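The values are calculated or read from the model by the stated rules, or taken from the named source; none is laboratory data. All figures in this text were calculated on a predicted structure; none of them were measured in a lab. All Cβ positions, glycine included, derive from the backbone under ideal geometry; neighbour counts span all protein chains shown. With ligands, DNA and RNA removed, areas are computed over all heavy atoms of the protein, side chains included. Shrake-Rupley method; radii C 1.70, N 1.55, O 1.52, S 1.80 Å.
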Amino acid sequence: MPATLIDGKAIAAAIRDDVARRAAALKAAGRPASLVAILIGDDPAALSYSASQAKSAAAVGIDYRLDQLPAGTTQPQALAAIDQLNRDRHITGIMVHVPAPKPLDSFALQQRIAPEKDVEGVNAACLGLLALGRDAPVPCTAAAAFACLKSTGVEIAGKHAVVIGRSAIVGKPLAMLLLNANATVTQCHTKTRDLAAHTRRADILFAAAGVPHLIGHEHISPGAIVIDVGTNRIPLEDGSGKTKMVGDVQFDSVKELASFLTPVPGGVGPVTVATLLANTVAAAERHGV
Ligand code: NAP
């Protein structure tokens, strides 16, 4: 029987409804949730991402502001801008669009965000709390992939979860979430030998390598849950020069073996966007309490 598809748009809609209810309660209590995004320079992709953030924040009642700094901003100036937002009691959430233009140090900028306002969960303190199994903002994509798994209702404890990828924003926090939920976790990366030997032993497989169609049916054991985090643009075969988005998983063949599967697009992606809003409202709830 083909896999049940995990509907990321429906999961995202449920998260947004919950966020809207909580944001309204905060506003009524005179403590509105707010998010300031810092963008250094005028990268068109970041500007377009910011415009879509502004729209989705407005739709759930979160105040959103883009603080755009000139391309020539120095590291001390950028750090000072973050410090000012950290001190501002009316700002409850902060994020920095990365990568910042060279020679700025994007890592240092993100680490400067006060952990309690770090809605992307990229601060070392947030990742440390997650590693310790404590409540903390979780990087949005990892949280979204985990929410897709949870939406299946399948018990996680005791299952063997395999995560392909070990980045600080996806693979590592995802492995920590799974461990905290009592899964047995294997983490794979480019130095892993015989990837398929590991993935075939997975009850739950997360593909977050960023390699189009890396995972085929030979990587999957029948009945596995497969969450495809990859978002890769590849050229259309019609020679038009246009591209399409594909995941790390060969959808058509894996669908015949897996029990649950996320599509790309329409799987983890929409949930990631909603998770930023959820992290923002959660930061506002904690703020000043
Ligand atoms: P990344 O920083 O490039 O990390 C990729 C990870 O995958 C690395 O740990 C790398 O191993 C591993 N890897 C790469 N090729 C591999 C292979 N052939 N076999 C085994 N492991 C391999 O990427 P990321 O930021 O974690 O993102 C991962 C994917 O998620 C990308 O496709 C990205 O576009 C997507 N993404 C999706 C969303 C969403 O909302 N759906 C959001 C963010 C990112 P090494 O550590 O050894 O290099």
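Would you kindly derive the ³J(HN,Hα) couplings of region 223-237 from the backbone phi angles with the Karplus curve 6.51 cos²θ - 1.76 cosθ + 1.60 (θ = phi - 60°), listing them in order in whole Hz, with x for Gly and Pro?
Rounded to whole hertz, the list is x, 5, 8, 10, 10, 9, 8, x, 10, 10, 9, 10, x, 5, 7.
Compute the accessible area per residue over region 1-146, keeping the other protein chains in place, probe 1.4 Å, unit Å².
Roughly 50 Å² per residue, with all protein chains present.
Among the DSSP beta bridges whose two residues both lie in region 138-270, what percent are antiparallel, rounded to the nearest 5?
Counting only bridges with both partners in region 138-270, antiparallel ones make up about 20 percent.
Which residue fluctuates most in the GNM of the chain (Cα springs below 10 Å): 18, 203, 248?
Maximum fluctuation in the GNM of the chain, among the listed residues, is at 18.
Carbon and sulfur together cover what percent of the accessible area of the chain at a 1.4 Å probe radius?
On the chain, the fraction of accessible area on carbon and sulfur atoms equals 57 percent.
How large is ³J(HN,Hα) for each residue in region 46-55, as worked out from phi by the Karplus curve 6.51 cos²θ - 1.76 cosθ + 1.60 (θ = phi - 60°), to whole Hz, x for Gly and Pro?
After applying 6.51 cos²θ - 1.76 cosθ + 1.60, I find 5, 5, 5, 4, 5, 4, 6, 4, 4, 5 Hz.
Which whole-angstrom value gives the distance between the alpha carbon centres of region 1-22 and region 143-192?
When both Cα centres are located, 19 Å separates them.
I need the peptides 178-186, 139-147 ranked by packing, meaning the mean over residues of other C-beta atoms within 10 angstrom, with the highest value on top.
139-147, 178-186
Cα-based count: Lys pairs in region 138-270 below 19 Å, eight or more positions apart or different chains?
Lysine pairs meeting both conditions in region 138-270 amount to 5.
Of 65, 193, 166, which has the largest mean-square fluctuation in a 10 Å C-alpha GNM of the chain?
193
Considering amide H positions built from the backbone, and no H for Pro or chain starts, which residues 5 or more places from residue 40, or on another chain, come under 5 Å of its amide H?
Those qualifying (amide H under 5 Å, at least 5 residues apart or on another chain) are 69, 97.
Taking H as built 1.01 Å from N, whose amide H comes closer than 5 Å to the amide H of residue 259, not counting residues under 5 places away?
Under 5 Å from the amide H of residue 259: 223, 224, 225, 226.
Pop out the ³J(HN,Hα) list for region 17-31 in order, Karplus 6.51 cos²θ - 1.76 cosθ + 1.60 with θ = phi - 60°, rounded to Hz; leave Gly and Pro as x.
Per residue, the Karplus-derived 3J(HN,Hα) values read 4, 5, 5, 4, 5, 5, 5, 5, 5, 5, 4, 4, 8, x, 10 Hz.
For the chain, what does the helix formula give at 222 nm: sum of -39500 (n - 2.57) over DSSP H segments with n ≥ 4, over the residue count, nearest 500 deg cm²/dmol?
It comes out at -12000 deg cm²/dmol, rounded to the nearest 500.
For the peptides 27-38, 123-134, 224-235, what is the packing order when you average, over each peptide's residues, the other Cβ atoms within 10 Å and list the highest mean first?
Most protected by this proxy first, the peptides run 224-235, 27-38, 123-134.
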